[in-house]
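See structure below.
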Amino acid sequence: MIFKDSAIVITYLVCVLLVAFVYSYVYSKEVITELPVAIVNQDDSKMSHQIDRMLDATPQLHVAMRTASMDLAQDAFYQEKIKGIIVIPEHFARDLQKGIVPTIGAYCDASYMLYYKQTLGAVMVTAGTLGGQVEVNKMMAGGVPMKQAAASRRPFDVTAKPLFNINGGYATFLMPAVFLIAVQTLQLNGMGILAGTLRERKQFSSAFAFAQGRFSNFFLTIGRSLAYLILSMLMMLIVLGFVMHVFTFPQRGHVGEVVLFLVPFLLSVTFLGMTLANFFKHREDSIMTITLFSIPTLLMTGLSWPTTAFPTAIKVVSFFVPSTIGTKGFVALTQFGASLRDITDLFMQMWLVCLFYFMLAVWTNWRLRNKESIPNEI
């Protein structure tokens, strides 16, 4: 039945792979570099030009405009020619020589957090480096040896090593969770289209009339779930073995353990899809309903906001969304290099969610078949 309906094939099978490839390609650059900014140099001193060169030398920024007029820089910003404005005020070098602490203004585009982060980060690093040079020069001018002056300015070094996401890449952070959410959302859409079609045509019972006898709905649920499990697992294997390799996403876990963890996740999604058939009386119902809840589902994974900061009610609800636990386990295995033993609690929670929706799926199959007046026994 899955392959006889083109809408299901496109929604469930084609779109999952399309999302995996297209999203990975879009974010493949990982880090934003050479962000165009304007420098408003109102001082026009040797020191201010040094700051200009240092900012332009950072990998984050590219000085696309140099001017002494803030109005011109603002016009360029509103025309989206630049993504930030850095202002070096008048008398900057003079104040620095007098011991007065001057201020460099950084106007960052906070409507895009990555723009804001890159611009502000580059300015902070440049200002810190220049400030250190000025302090060391002052101490050397007072007769302090260079080595001692440098040690006094920075008594200890800090070595920052980003764990797991070494380059701080956006795709490495985002895509592992997107893979699971895409499979969940699009599989539920496909299952909803199928269930809605059968109910709309009053063919739900006749489509599964072959399932007869005692515990028929139990075995029907198992059989249907295996079909979806195989298809979804094949797509996830393509993601793990091909997509993540082509776009150089980290894959630190053992593939066998990742597949083993995906089994209860994909079964949970499948049983949830069967349960939602109670609410889909027409084939288009699932697309409108599941699409509406796709963004809340993404939020519940903790991708954009930590789950520890969620209200208690949202935490409870999120537990029953398969992608909430599934994403945590998948990221731990593939990105953190954890073993299945390390995430035993998540693995068991995933099976509990799976069991919960399995019971609801069995009841749903019994209810919908019985509703069309074909006698069956659970």
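The values are calculated or read from the model by the stated rules, or taken from the named source; none is laboratory data. In this text the structure is predicted, and so the values were computed from the model without any measurement. Cβ placement follows ideal geometry from the backbone for every residue including glycine, while neighbour counts extend to all protein chains displayed. The accessibility values were calculated without ligands, DNA or RNA, using every heavy atom of the protein model including side chains. Shrake-Rupley method; radii C 1.70, N 1.55, O 1.52, S 1.80 Å.
Calculate, for the chain, the solvent-accessible area per residue in square angstrom, rolling a 1.4 angstrom probe over the heavy atoms of the protein chains. Could you put the intermediate results ahead of the total?
Values: 20180 Å² over 378 residues.
Ligands and nucleic acids excluded, the figure is 53 Å² per residue.
Along the charge dipole of the chain, Cβ charges K/R +1 and D/E -1, which of 116, 306, 100 sits furthest on the positive end? Of 116, 306, 100, it is 306. When +1 charges are put on Lys and Arg Cβ atoms and -1 charges on Asp and Glu Cβ atoms, the dipole computed for segment 1-113 relative to its Cα centre reaches about 240 debye. Dividing the helix sum by the residues of the chain, where each DSSP H run of 4 or more adds -39500 (n - 2.57), gives a mean residue ellipticity at 222 nm of -19000 deg cm²/dmol.
Counting only protein heavy atoms and using a 1.4 Å probe, what share of the accessible area of the chain belongs to carbon plus sulfur, as a whole percent? Walk me through the intermediate numbers first.
Details: 13160 of 20180 Å².
That share works out to 65 percent.
With a Förster radius of 35 Å, plug the Cβ-Cβ distance of residue 103 and residue 80 into 1/(1 + (r/R0)^6) and report the FRET value to the nearest 0.05. So, using R0 = 35 Å, E works out to roughly 0.85. The listed peptides 289-299, 257-267, 225-235, 7-17, ordered by packing as a protection proxy, come out as 257-267, 7-17, 225-235, 289-299 (highest mean of other Cβ atoms within 10 Å first). Protection proxy ranking, highest mean first, for peptides 33-40, 247-254: 33-40, 247-254, where packing is the per-residue count of other beta-carbon atoms within 10 Å, averaged. Just the projected area, averaged over all directions, of the convex hull on the alpha carbon atoms of segment 273-370: how many nm²? Over all viewing directions, segment 273-370 projects a mean Cα-hull area of 7.6 nm².
In order along segment 300-313, phi translates into HN-Hα couplings of 5, 6, x, 6, 9, 8, x, 5, 5, 8, 6, x, 4, 4 Hz, rounded to whole numbers, per the Karplus curve 6.51 cos²θ - 1.76 cosθ + 1.60 with θ = phi - 60° and x for Gly and Pro. Simple point charges give the picture: +1 on the Cβ of Lys and Arg, -1 on the Cβ of Asp and Glu, and for the chain a dipole about the Cα centre of about 900 debye. Taking 27 Å as the limit for the C-alpha separation, the pairs 81/117; 117/138; 281/315; 138/161; 4/281 exceed it in the case of 117/138; 281/315; 138/161.
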